[in-house]
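The values are calculated or read from the model by the stated rules, or taken from the named source; none is laboratory data. Model, not experiment: these values are computed from the prediction. Virtual Cβ from ideal backbone geometry, glycine too; neighbours counted across all protein chains shown. Surface areas here come from the heavy atoms of the whole protein model, side chains and all, with no ligands, DNA or RNA. Shrake-Rupley method; radii C 1.70, N 1.55, O 1.52, S 1.80 Å.
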Amino acid sequence: MRTFIFIAISLLILFSPAFAVLEIPNTQPKVGAKQWKLVLDNTWKGMKKRNVDAYNTGLLHRPKSEAPGDAVSEGIGYGMLLALYADDQVYFDKMYNASKQHGLNACNNWRVRFDNGFCEHCEGSASDADEDIGLSLIFAAKLKEIGIWGNSNINYANEAQGVVDCIWDYLRSDGGLPPGSQWDPGYNIGYFAPAFYRIFNNFDSKKRDWMKAVNTSYRIIEASPAYDIGMVPDWANHDGGFHGGGGLGYNPYLSGNAFFKDAIRVLWRIANDYIWFKEARAKAFLEKSLAFITKEGGPDAANFYQLQGANKGKLVPAEDKWTEFNEQTNSNTWRWRREHSHLTVGQWLTAAMAVGTDEDKIAWSSKMAEFYDWENKVGFFGNAVDPKGGQEDTLHNEMYFDQFLAWFGVSLMSGTWMNVIDVLDNPKPNVEGITTLPWPEPEPPNSIIAKNNKLLGIQINQGSGIIRMSSKSEVSWKIHNLQGKLLFSSNSRETSWNTGNFKGTVIVSANSERKLIAVR
């Protein structure tokens, strides 16, 4: 396997617009925080334009569901979290007020349609939405208390207490979190959020013991038949084992027994508990997750996996598709079940950010960079056209769920996603994290770098737009953009590339040596 070594020279920040994500000093691990915060700002703006402003409800909608334009409480919870960390109080309030108006607020209904179609089995809440809404309200109350956020017609603290009360009321007696307020077929482990329960524990005015929810979450995770490789199934029975497959929720795959779109969220949710609270059980699980994916190929292996029998630890079948009937077009749409994308990279990278080495973090950040169009600074994660000719593009992905899971990973990686209460109550000097790679500050002009006994020179004349490359011996030069498209190649000791009208960041490689260079 070829090993790519990133050598430091870059001018990625080619523009200086203000970005409006939440900025509070913290000591969390970070990679390329400045650059990723610009991406978070752009993608949040895209989410508002595409999923909120395109409709007239104030809700966050799903544009590509089976009933296009419907809305679910999951989107309210996720949307409020994004609005909070994007420091957007206006849209935070808009979505929460709309959720109450349309019955999608916590502990109410999980789905509503706007096409006059019958909404079957839409009653009852989804517990991940409930806990996400609850945490976002608690953090909003803190931002208002400290003066970072202004006045609102929402009493964030009172609303948060109501959410905490309703979740407590439907917890199982042992502290297990069922998938909904009126629905308990087993466990959706991707909903478990022990870091949130610790915050509920401190916030709850009724002083109930939320630590039992923390402890039961880890008991169920540790009972997973795939715990040894750091994974859990989409759905588990009440003992944490494989589910029989009956009565499960939205789009179950392989009877709920794969590490698929529900389960993969456990990486992010458990990473929160280690990064925020240094929970040893979170660390133990994530170390197994990271060891598995590293053995499989590291960032290139980010995907969904089977967990049963002889297929344990193998990718989901290459031929498997998800087919969905679109009631609006009266036709089927489909996408592959395997998915090496911004979604899977965005979730797997949280394990690296929590328990990985600096080398791990850099590698995962670099992989995530392939799923954003730096040249055009677009408002979404992913590729408009899959550079590998597959189905991972804006035509086939959801432009909803995939965007959220990528945003959560990147916001954690940038240090934007933080325990708001802790960083405000216990202020500490900001730790910049890894700033030199993969997008470092520029080195002196016309620098020459020696690496692995190979003398390489890469110079860029921003005036003429010519990149000159030289080596001690003949090498294979290649220049790609961050989406993997080959822009230039040459086998020689010395060569040059006229960038023409290209603007953005390119990867210059000489055999196994690579540099990131920005073209103005």
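Scanning the range 127-148 for residues that are open to solvent by 10 Å² or more (accessible area, probe 1.4 Å) and out of contact with any Gly (no Cβ under 9 Å at 6 or more places or on another chain) yields A141, K142, E145, I146, G147, I148. The one condition from (1) open to solvent by less than 10 Å² (accessible area, probe 1.4 Å); (2) of a type in the set (A, V, I, L, M); (3) more than 20 Å from G77 (Cβ to Cβ); (4) modelled with pLDDT of 95 or more that A354 does not meet is (1).
Of the residues A67, A83, A98, which single one is open to solvent by less than 10 Å² (accessible area, probe 1.4 Å) and in contact with a Lys or Arg (Cβ under 7 Å, 6 or more places away or on another chain)? On inspection, the qualifying residue turns out to be A67. Kindly provide the set of residues from the range 168-217 that are of a type in the set (A, V, I, L, M) and open to solvent by less than 20 Å² (accessible area, probe 1.4 Å), ordered by number. Within the range 168-217, L177, I189, A193, A195, I199, A213, V214 qualify. Going residue by residue through the range 116-125, is there one that turns out to be in contact (Cβ under 8 Å) with a residue 60 or more places away in the chain and either surrounded by 21 or more Cβ atoms within 10 Å (Cβ to Cβ) or among the acidic types (D, E) (or both)? No; the residues of the range 116-125 include none that is in contact (Cβ under 8 Å) with a residue 60 or more places away in the chain and either surrounded by 21 or more Cβ atoms within 10 Å (Cβ to Cβ) or among the acidic types (D, E) (or both). Residues of the range 392-426 that are open to solvent by 30 Å² or more (accessible area, probe 1.4 Å), assigned to a loop (DSSP other than H, G, I, E, B) and farther than 14 Å from T344 by Cβ: T394, L395, H396, N426. For K312, state whether it is over 24 Å from the mean Cα position of the chain (by Cα), under 30 Å from M353 (Cβ atoms) and open to solvent by 30 Å² or more (accessible area, probe 1.4 Å). Considered against the rule, which asks whether it is over 24 Å from the mean Cα position of the chain (by Cα), under 30 Å from M353 (Cβ atoms) and open to solvent by 30 Å² or more (accessible area, probe 1.4 Å), K312 comes out as yes. Of the candidates D234, D273, D228, D239, the single residue that is touching a residue at least 60 places away in the same chain (Cβ under 8 Å), charged (D, E, K, R) and either assigned to a loop (DSSP other than H, G, I, E, B) or surrounded by fewer than 21 Cβ atoms within 10 Å (Cβ to Cβ) (or both) is D228. Charged (D, E, K, R), at pLDDT below 95, farther than 21 Å from P252 by Cβ and assigned to a loop (DSSP other than H, G, I, E, B): does that describe K377? Judged against the criteria, K377 is a match. Cβ separations smaller than 9 Å between residues 6+ apart or across chains give the following pairs from the range 175-191 residues that are more than 21 Å from Y78 (Cα to Cα) to residues that are in a strand (DSSP E or B) and open to solvent by less than 10 Å² (accessible area, probe 1.4 Å): G176/Y187; G186/A236.
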